[in-house]
1. So which pairs qualify, if the first residue must be in the range 308-335 and free of Cβ contacts under 8 Å to residues at least 40 places away in the same chain, the second must be open to solvent by less than 20 Å² (accessible area, probe 1.4 Å) and assigned to a helix (DSSP H, G or I), the Cβ gap must be under 7 Å, and the two must be at least 6 apart or on different chains?
2. Inspect all residues belonging to the range 244-251 and state whether any of them is open to solvent by less than 20 Å² (accessible area, probe 1.4 Å), part of a helix (DSSP H, G or I) and either out of contact with any Gly (no Cβ under 8 Å at 6 or more places or on another chain) or at positive phi (or both).
3. Quick one: which of V302, V344, V335, V258 is in contact with a Gly (Cβ under 6 Å, 6 or more places away or on another chain) and surrounded by 22 or more Cβ atoms within 10 Å (Cβ to Cβ)?
4. Taking the range 70-125 only, how many residues are aromatic (F, W, Y), open to solvent by less than 10 Å² (accessible area, probe 1.4 Å) and in a strand (DSSP E or B)?
5. Which one is nearest to A328 (Cα to Cα) among residues in the range 261-281 that are crowded, with 20+ Cβ neighbours inside 10 Å and in contact with a helix residue (DSSP H, G or I) (Cβ under 8 Å, 6 or more places away or on another chain)?
6. If I342 satisfies every condition in (1) in contact with a helix residue (DSSP H, G or I) (Cβ under 6 Å, 6 or more places away or on another chain); (2) without any contact (Cβ under 8 Å) to a residue 60 or more places away in the chain; (3) of a type outside the set (S, T, N, Q); (4) within 22 Å of L15 (Cα to Cα) but one, which is the exception?
7. Over 20 Å from L110 (Cβ atoms), open to solvent by less than 40 Å² (accessible area, probe 1.4 Å) and under 14 Å from the mean Cα position of the chain (by Cα) - does that describe any residue in the range 350-361?
Amino acid sequence: LFFWEQASPTTGQVLDRARNDLAGARDPRRMASIAATGFGLSAFCIADRRGYLPHDQIVERVKTTLDWHLNKFPEVHGFFYHFADIESGERIKGVELSSIDTSLLLCGILTARAYFEDKRIQSLAQQIYERVDWPWMLNGGKTFSMGWHPESGFLKSRWEQFCELMMIYLLAIGSPTHPVAPKYWNNFTRPVIHYKGFDYISGDDPIFTHQYSQAWYDFRGKRDAYADYFQNSVTATRAHKAFCLSHPEWFSEDYWGVSASDYQGGYTAWGGPPAQGPLDGTVVPCAAAGSLPFLPAECLHVLRAMRAKWGKQAWGRYGFVDAFHPSANWYDSDVLGIDQGISVLMAENLRSGIVWDIFMRNHESAAAMKRAGFHGEGVE
């Protein structure tokens, strides 16, 4: 519902955030997020499969979205700006041309291409994917740049350590027109965290870094030369829960989970282990919701417990607010597109696996994994 109501019927762009108490009206803020739009396209496939919205209306919205992004939305070498005006598509001042957010959008586009048996949708999606010039975003390096500014060129920061980056490399390796060599899969580091008996590949990053690529790419039963990434994220989620419960002054079995989110001071990337950011006892529902396939029983339990106890304050038209802190009597007024997105996709993956099934129908998805050295279910 968020992705339907908090989007432009003209452009298909989805707002970055919106209030959770709008009774169906669109939030007056105008900043759209290409990542939220990618999650939205995937959510429409779920909505269509489950009959949440009329099929013909969904198909028209998807067509409109893809046509606008192909033919009207500003792009550079096929990459898009992270944030833009929801109606005009004008770049929000100062934002980067984003490699990760373009990838999140592409995952949604390719999900729609695989799901809808509509030649127009499939053609538009194909053209958007084929336009992306992945080697350009390498900027002569061994790893992808995080982005580019028209004023100053490429960002110095690179996607060089394990996080949500897997989708960038797999989309690029699988590209039918501008691929990068499979060797680039080996170029990002895979540091290991050791926490209370849990050992797993991860950066010192919030838990969402284990969730985003796995919302679409199905890593179950597969491994490359380094890891079984699905099981790795199971361990990461267990460690995150243990980290939260190591702070009994804040968290419990019925109240845990922290990921990048709003808090009383604004927006921050926080979590653990190790401890990151200004942790204060705020809970972020998408931390558990985005890990539903990894740790079903525990994540379902805490989400149900939090809704049962704080539903009147923490639950609105679009589900949980982005974050809340009951002991401080603070309940966010907003939901964020990316946090609602990872929640609904992973809930459906636990429920039926259909986002994985749809996305992996794209022949480029399995081909990229095979080229990157994966073996196991669906690759060989």
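1. What qualifies is A314/M306; F320/P285; F320/A314; Y331/A314.
2. Let us first name the residues in the range 244-251 that are open to solvent by less than 20 Å² (accessible area, probe 1.4 Å), namely 244, 251.
Narrowing the set further to residues that are part of a helix (DSSP H, G or I) leaves 244.
If we keep only those that are either out of contact with any Gly (no Cβ under 8 Å at 6 or more places or on another chain) or at positive phi (or both) too, we end up with none.
Checked the range 244-251: no residue is open to solvent by less than 20 Å² (accessible area, probe 1.4 Å), part of a helix (DSSP H, G or I) and either out of contact with any Gly (no Cβ under 8 Å at 6 or more places or on another chain) or at positive phi (or both).
3. Values: V302 fails: in contact with a Gly (Cβ under 6 Å, 6 or more places away or on another chain); V344 fails: in contact with a Gly (Cβ under 6 Å, 6 or more places away or on another chain); V335 fails: in contact with a Gly (Cβ under 6 Å, 6 or more places away or on another chain).
Criteria check complete, one pass: V258.
4. 2
5. Here the answer is S261.
6. The failed condition is (2).
7. Of all residues in the range 350-361, those over 20 Å from L110 (Cβ atoms) come to 350-351.
Then keep just the ones that are open to solvent by less than 40 Å² (accessible area, probe 1.4 Å); that gives none.
No: zero hits.
The values are calculated or read from the model by the stated rules, or taken from the named source; none is laboratory data. What you see is a predicted model, and the numbers here were worked out from it, not measured in a lab. Note that each Cβ is placed from the backbone with ideal geometry, even for glycine, and that neighbours are counted across all protein chains shown. Keep in mind that these areas ignore ligands, DNA and RNA; they rest on the heavy atoms of the full protein, side chains included. Shrake-Rupley method; radii C 1.70, N 1.55, O 1.52, S 1.80 Å.
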